[in-house]
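Step one of this worksheet: look at the structure below.
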Amino acid sequence: MSAIQIEKPKILIVEGRDDELFFSSLLNSTSVGDVQVMPIGGKTQLTKNLKALQNAPNFDRIESMGIIRDGDSDPQGAFQSVCNSLTTVNLHAPSTLGVSQGSNPRTAVFVLPDGATPGMLEDLCIESISSTPIMECIDKYFDCIEKRGLPFPSNMSKAKAHTFLAAQQQTGKRLGEAAAAGYWPFHHPAYDPIKEFFQIL
């Protein structure tokens, strides 16, 4: 977070630039306003960048702060890691996921994909297209690779998301760019928990 500029009373901290574009697009699909999406440059940088944010002009004007990160293999551990970072810089750490607590600013934490299941942003995106015809094609593609004994992706969530993006009319877009282009169906119920999280900011 270099040259931090606080422009809105609500801050949503995400992991990287692509996440910034993704969640900005998702926010734009809702009625929630006054939220500034801010990337931290990776989950390991959270504590350092929270300190930098505290030293930025107008930090005292922030009313609430939400933090979103991937749960990976340990959603509860991811939540606790965020809380530890908040405590380290003397900010309030919420007692549970998806609840806004404290003051000056209020804080809330959401762990992807749904707050409880291991995974990441790509899992959420794949869930939102799980019942579409293209998903059947994607599954058959990876079934074919497996049956032929070919090298298999180590991260199937990312592999399936990239395969979906490769099948679009305009290829080569990253996850966030695809969100801005309208490729992910934000009306799908898979996104409802995050939209609810936006509401409490």
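Just so you know, all these numbers are worked out from the coordinates, no wet-lab data involved. Everything numeric here is computed off the predicted structure, so don't read it as measured data. Here the Cβ positions follow ideal geometry from the backbone for every residue, glycine too, while neighbour counts run over all protein chains shown.
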Per residue of the range 64-75, in order, report the coupling 6.51 cos²θ - 1.76 cosθ + 1.60 (Karplus, θ = phi - 60°) as ³J(HN,Hα) in whole Hz, putting x for Gly and Pro. 8, 9, x, 10, 10, 8, 5, x, 6, 8, 9, x
Averaging sequence separations of C-alpha pairs under 8 Å and six or more residues apart, then dividing by the length of the chain, give the relative contact order as a whole percent. 23
Over the range 52-119: Rg over Rh, Cα atoms, Kirkwood Rh: 1.00
Take the residue pairs LYS8/LYS173; LYS10/LYS195; LYS147/LYS173 and return only those whose Cα atoms are more than 19 Å apart. LYS8/LYS173; LYS147/LYS173
Under 18 Å Cα to Cα from LYS160, which aspartates and glutamates show up? Leave out anything in the same chain fewer than 8 places away. ASP18, ASP19, ASP70, ASP72, GLU122, ASP123, GLU127, GLU136, ASP139, ASP143, GLU146, GLU177
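Taking the Cβ of SER85 as the center, what net charge do the other residues with Cβ under 11 Å away carry, scoring Lys and Arg +1 and Asp and Glu -1?
Working: positive: LYS43, LYS48, LYS51, ARG69; negative: none.
Result for the local shell: +4.
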Taking N as the number of residues in the range 121-172, what value does Rg over Cα atoms divided by 2.2 N^0.38 Å take? 1.12
How long is the gain from SER95 to HIS162 if the chain were fully straight, where each residue apart is worth 0.36 nm and the alpha carbon distance is subtracted? 20.6 nm
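If you take every residue apart from VAL35 with its C-beta less than 11 Å away from the C-beta of VAL35, what net charge results, scoring Lys and Arg +1 and Asp and Glu -1?
-1
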Classify the range 1-88 from the C-alpha gyration tensor, please: rounded if a/c falls under 1.5, else prolate or oblate depending on whether a/b exceeds b/c. oblate
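For the range 121-172, what does the relative contact order come out to in percent, with C-alpha contacts under 8 Å and a separation of six or more?
So the answer I get is 43 percent.
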Run the helix sum for the chain: -39,500 (n - 2.57) per DSSP H stretch of 4+ residues, divided by residue count, reported at 222 nm to the nearest 500 deg cm²/dmol. -12500 deg cm²/dmol
Nearest 0.05, what FRET efficiency do SER31 and CYS144 give at R0 = 45 Å with Cβ-Cβ as r? 0.55
Fewest to most neighbouring Cβ within 10 Å: what's the order for TYR191, TYR141? TYR141, TYR191
Calculated P(r) of the chain - Cα pairs past 26 Å, %: 34
Ignoring solvent entirely, what values of log10 I(q)/I(0) come out of the Debye formula for the range 150-201 at 0.21, 0.28, 0.30, 0.31 Å⁻¹ when each Cα is a single scatterer? -0.87, -1.08, -1.12, -1.15
Test of understanding: in a Gaussian network model of the chain with alpha carbons linked when under 10 Å, which of PRO185, PRO151, PRO113 would top the mean-square fluctuation ranking? PRO151
